[in-house]
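> One structure is given below, represented as C-alpha cells, and several questions about it will come after.
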Amino acid sequence: MAILIAVGCGRGAAPKPVTASEIPVQLDRLFSKAPEETRTLVGQAKSALRANDLSGAWVALQTLSEQKELTKEQRQFLASAIVTIGAEINKAGEQGDAQAREMQRMHRLSK
C-alpha cells in the first residue's frame, strides 16, 4: 500500500519518533509564541486530531510545515508528527478505512 511518510528535504537524519498523543502537547509547547496565522494552523491540527480526522491533521501539519518563520526545532518536530500521522493513515487504510485509502490515493497522485 502507499506510504505517506516521505517527509523533509533530504537533509539530515530521519525524524525522531513521536506518538500521536504527544503531538498536541508539543504543538502547544513549540508554537505558543508563534504568529496568529501559525497558531490558527496549530489549532486546526489539534482539532483534527481530537476528532480522529487523520487526513485533516496530516494536511494541517503539512501546511504548518511550509511556514517560512519556523525554527529548526519546530521543523524537526513537524517532520516527526507528519511521519506519525502518515503511519496512522497507512494503518487505517490497511484496515479498510475508506477516507484513509482516499488520502493515500491522493498522495500517490500528487507525487
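What follows draws every value from the coordinates through simple rules; no lab data is involved. Everything numeric in this text was worked out from a predicted model, so none of it was measured. Here Cβ is always computed from backbone atoms with ideal geometry, including for glycine, and neighbour counts include all displayed protein chains.
> Under the rule of -39500 (n - 2.57) per DSSP H run of 4 or more residues, summed and divided by the residues of the chain, what mean residue ellipticity at 222 nm is obtained, to the nearest 500 deg cm²/dmol?
-21000 deg cm²/dmol
> Now a separate question. Would you mind checking the tilt of helix 54-65 against the longest principal axis of the Cα atoms of the chain, expressed as 0 to 90 degrees and rounded to 10?
Here the helix axis deviates by roughly 40 degrees.
> Under 12 Å from the Cβ of ASP97, count the other residues' Cβ atoms, weight Lys and Arg +1, Asp and Glu -1, and hand me the total.
Result for the neighbourhood of ASP97: -2.
> Another one. Taking the chain, how many lysine pairs are there with alpha carbons less than 26 Å apart, if each pair must be eight or more places apart or span two chains?
For the chain, qualifying lysine pairs total 15.
> How compact and how long is the chain, expressed as Rg and Dmax of its alpha-carbon atoms in Å?
So, for the chain, Rg and Dmax equal 13.4, 39 Å respectively.
> By how many degrees, between 0 and 90 and to the nearest 10, does the Cα long axis of helix 36-50 differ from the longest principal axis of the chain?
For helix 36-50, the angle is close to 40 degrees.
> Relative to the longest principal axis of the C-alpha atoms of the chain, give the angle of the C-alpha long axis of helix 72-94, reported between 0 and 90° and rounded to the nearest 10°.
20
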